Amino acid sequence: MTARAGIGYDVHRLVRGRRLVLGGVEVPYGLGLAGHSDADVVIHAIIDALLGAAARGDIGTYFPPDDPQYEGISSLTLLRQVGFLVEGDGWHIDNVDVTIVAQRPQMAPYIDAMRQQISRALGLFKDQVSIKATTTEGLGFVGREEGMAAHAVAILRS
């Protein structure tokens with residue numbers, strides 16, 4: 001059996017007039033993330049981690065940001081497609097681990113729902129999906145509430 005790890009990172013700018021979607025869950029907040037799709041940094045980081053572990057490139061390879069078919073699409077739909085892709089290559093998703101980097105809003109009330117959405121999209125048990133959140137103590141673009149980021153790690157086994 002072979003195991004591989006992949007790392008993913010995503011960042012989007014916070015803007016007015018958009019919904020804030022994180023981990024497939026709409027989080028009530030006065031700002032949302034700008035992007036071509038729903039701009040879900042959590043899911044985008046997971047996608048890149050899965051693709052990286054499978055040596056399949058990055059999210060832009062499969063879902064170009066200038067392709068009109070992906071405008072406004074739920075990132076959960078993209079995650080399902082990537083799950084099928086890596087499994088089609090003979091990989092089994094062992095687990096994913098994500099850290100959300102955001103100054104506000106408070107993430108704790110939504111993490112369980114995010115884990116449920118992601119595990120369902122990938123056909124995993126909820127305990128195979130870990131999500132944590134942290135702030136930057138007011139430092140940098142996250143601390144100034146200009147944007148949010150997410151880091152993800154995925155482990156695949158053959």
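Go over the candidates GLY90, GLY30, GLY72 one by one and state the one that is without any contact (Cβ under 8 Å) to a residue 24 or more places away in the chain and either surrounded by 21 or more Cβ atoms within 10 Å (Cβ to Cβ) or out of contact with any strand residue (DSSP E or B) (no Cβ under 7 Å at 6 or more places or on another chain) (or both).
GLY30
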Task: In segment 1-24, the residues that are loosely packed, with under 14 Cβ neighbours inside 10 Å, out of contact with any helix residue (DSSP H, G or I) (no Cβ under 7 Å at 6 or more places or on another chain) and β-branched (Val, Ile, Thr) - done: THR2
TODO: Any residue in segment 105-121 that's within 23 Å of ARG80 (Cβ to Cβ): show its pairings with residues that are among the hydroxyl-bearing types (Ser, Thr, Tyr) at Cβ separation under 8 Å, as long as the two are six or more apart or on different chains.
DONE: ARG115/SER130
Open item on the list: If a residue must be of a type outside the set (D, E, K, R) and in contact with an Asp or Glu (Cβ under 8 Å, 6 or more places away or on another chain), how many such residues does segment 1-40 contain?
Closed with: 15
Open item on the list: Looking only at segment 26-43, how many residues end up being closer than 19 Å to LYS132 by Cβ and either modelled with pLDDT under 95 or touching a helix residue (DSSP H, G or I) at 6+ places or on another chain (Cβ under 7 Å) (or both)?
Closed with: 5
TODO: Scan (1) under 16 Å from LYS132 (Cβ atoms); (2) of a type outside the set (A, V, I, L, M); (3) at pLDDT below 95 for the single condition GLY23 breaks and write down its number.
DONE: (3)
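Residue by residue, here is whether (1) under 29 Å from THR2 (Cβ atoms); (2) β-branched (Val, Ile, Thr) holds:
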| residue | (1), (2) |
| --- | --- |
| GLY35 | no, no |
| ASP38 | no, no |
| HIS44 | yes, no |
| LEU51 | yes, no |
| ARG56 | yes, no |
| GLY60 | yes, no |
| ASP66 | no, no |
| ILE73 | no, yes |
- [ ] Filter segment 93-139 for residues that are outside any helix (DSSP H, G or I) and among the charged types (D, E, K, R) and give the result.
- [x] ASP94, ASP97, ARG104, LYS132, GLU137
Task: Filter result for THR134 (among the β-branched types (Val, Ile, Thr), within 20 Å of ALA49 (Cα to Cα) and more than 12 Å from the chain's Cα centre (by Cα)) - done: yes
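The values are calculated or read from the model by the stated rules, or taken from the named source; none is laboratory data. Treat the numbers as computed from the prediction; the structure is a model and nothing was measured. Heads up, the Cβs are rebuilt from the backbone with ideal geometry, glycines too, and the neighbour counts pull from every protein chain shown.
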